[in-house]
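The block underneath contains the structure these notes are about, expressed in C-alpha cells.
The values are calculated or read from the model by the stated rules, or taken from the named source; none is laboratory data. Computed from a predicted model, the values in this text were never measured in an experiment. In this analysis, Cβ positions are derived from the backbone assuming ideal geometry, glycine residues included, and neighbour counts consider all displayed protein chains. These accessible areas exclude ligands, DNA and RNA; they are computed on the full protein's heavy atoms, side chains included. Shrake-Rupley method; radii C 1.70, N 1.55, O 1.52, S 1.80 Å.
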Amino acid sequence: MAVLAGQAGRAGRAGRAGRAGRAGRAGRAGRETVSVDEVDLSFSTLVTREGILPYWDGTPDLKPVVISKKKHLERLDALASIPREVLIDDRLFCNFRPRGNEVICLFLKPDQHGNAQPLVTLESPDHDVFKGSQLKFVRSYADLRADRLDEIRVQQDDITSYFASSLKLDAARGEWAFELLEAVVRLCGYIEFPLKYHFDLPRPSQYSSKVMPVIETPTHGTWPSGHATEAFAIATVLAGLLQCKQQGGSVFTMLAAAKDTAAPAALLLRIASRIADNRAIAGVHFPHDGVAGAVLGIAVGEAVVNYLSGAKSTYTYVLEQLTEEEKEGEDKQYGELSFEALTALLDPASAKEEDFASPDRDDLLEAVWEAACSGMPALLP
C-alpha cells in the first residue's frame, strides 16, 4: 500500500503554487536537462554513425505510424508528460474563468441576456469574523498539532495519495484517472489564486503573534483555502468516476453520493475534510477558509463530472456572508467541516440546477474521462 500511495503521489506533483503554472513549462517540452553522461553518449553516437553508415542521399526507409486524429487517447499516450498536460489543460481551463468573487463556467447555458453564468459565487466574511470567532477556532485547533504534524507536512505537497490509498487505486491500471486528477488539481490552482488575490484576506498569524504556525505560512491570501479546494475537487471527481462507472448520464451531486455513510464517496468526503482541517490545525488557515474551499472544490468537481459523463446539467452554488449569529460563533457549521455543515451549504434544494450549453462533449476530454472511468477499481456498494 505504501508503494501504491507513493505512485499516487505523482498526481501530487501538480500540488502547491506551481501547479497552475506548470503549463508554463511547455516551452521546455522538447528539451530535457542533459547530464555529462548524456553528452558523452551524444558525441559517441555521432562518431558511431559516421563509422558504420554508408552514404545516405536522404531517401526514407521507414514508414511513420500515423494515428487517426479521432484516437485521442493513443495520441496523448504517445506524448511526454508536459505536452500531454498542456493539451488537456487547454481544453479544460478555457471553460472556467475567475471573475471577482465568481467563477464563470462556459459549460453552462448563457442567461437570458446571453451572459456567461457563475458556477460559484463567494461572499467572504469581514475582518471582525476572522479576528473574533475564527481566531478562537485556530487557538483550539492548535491542541491537535502534535497528533497531526506528520499529515500536515506530507499534505503540503501531496494530498492525492490519501484518496488513492483509500480506493486502492492502482497507478498503472488507473493511469488516466491520475491524469484527470492532476488536471483537476491544476484547474483548481488556476481558479483559486485569482480568488485569493481578489479577496486578499490576512492569515491567522497576521492577527496574532501567538499563532506560531508549525509550517511556513504562504504569502498569498487565506480565503478560500487552496488545499481544501483541491481536496474536495479530487474527492468529488473520484466519487463521480465511481458512480458514473455504474450509472452514467444522471446529474451527479457529491452530497447525494456521500449520503450513505458506508459509501466510498462518504470516505472521500471525510478525507477531504481532514485535509482542510489540518491547514487550520497547522495555523496557516482559518476553519472558514476550508468551508469556502469545500464549496468551491465540490462545485468545480461536480461541473467536471457532469459535463464529462454526459449529464445535461449541474448545480451552481452561492456561499453567502455569515449572519450576525454565525459571526458570534454560535453556529458551529462555519467552524468545523461536518457533513451537516456541507449539507446546509450545498443542499440542491436551495442551489440552482443549470443546463449545459451543448449536449456535445469535448472529444479529447471525453476520451480521457472514459479511460479514467474504466481504470477505476470495482468496489462493493
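Calculate the dipole size of region 117-239 relative to its Cα centre from +1 charges on Lys and Arg beta carbons and -1 charges on Asp and Glu beta carbons; express the result in debye to the nearest 20. Value, rounded to 20: 400 debye. Placing pseudo-labels 7 Å out from each Cα toward the beta carbon at SER250 and ARG145 gives an inter-label distance of 4.7 nm. Multiplying the residue separation of LYS109 and LYS312 by 0.36 nm and subtracting their alpha-carbon distance yields 72.0 nm.
With the biggest extent put first, the Cα atoms of region 195-304 measure 51, 29, 17 Å across the principal axes. In order along region 47-58, the phi-based Karplus estimate (6.51 cos²θ - 1.76 cosθ + 1.60, θ = phi - 60°) of 3J(HN,Hα) comes to 5, 4, 4, 5, x, 10, 8, x, 4, 10, 8, x Hz; Gly and Pro are listed as x. When the solvent-accessible area of region 109-262 is split by element, carbon and sulfur atoms take up 49 percent of it, the probe being 1.4 Å. The stretch between THR261 and ALA378, if pulled fully straight at 0.36 nm per residue, gains 40.3 nm over its current Cα-Cα span.
The local environment of GLU151, defined by Cβ-Cβ distances under 13 Å, has a net charge of 0 under the rule Lys, Arg +1 and Asp, Glu -1. A cut-off under 14 angstrom between Cβ atoms defines the neighbours of LEU106, and their net charge, with Lys, Arg +1 and Asp, Glu -1, is -2.
Applying the criteria of a DSSP loop state and at most 14 other Cβ atoms within 10 Å to the GluC sites (Glu not before Pro) of region 63-163 yields GLU123. Compute the whole-percent fraction of alpha carbon pairs in region 239-313 spaced more than 20 Å apart. Above the 20 Å cut-off, region 239-313 has 37 percent of its Cα pairs. Peptides 279-287, 224-232, 131-139, 291-299, ordered by how many other C-beta atoms sit within 10 Å of their residues on average, highest first, read 224-232, 291-299, 279-287, 131-139.
Of the residues SER161, LEU195, LEU181, the one whose Cα sits farthest toward the positive end of the charge dipole of region 157-196, with +1 on the Cβ of Lys and Arg and -1 on the Cβ of Asp and Glu, is LEU195. Using the Cβ-Cβ distance between ASP77 and VAL47 with R0 set to 25 Å, the FRET efficiency works out to roughly 0.15.
Hey, what's the Cα Rg ratio for region 211-274 versus the globular rule of thumb, 2.2 N^0.38 Å?
Normalised Rg, Cα atoms only: 1.41.
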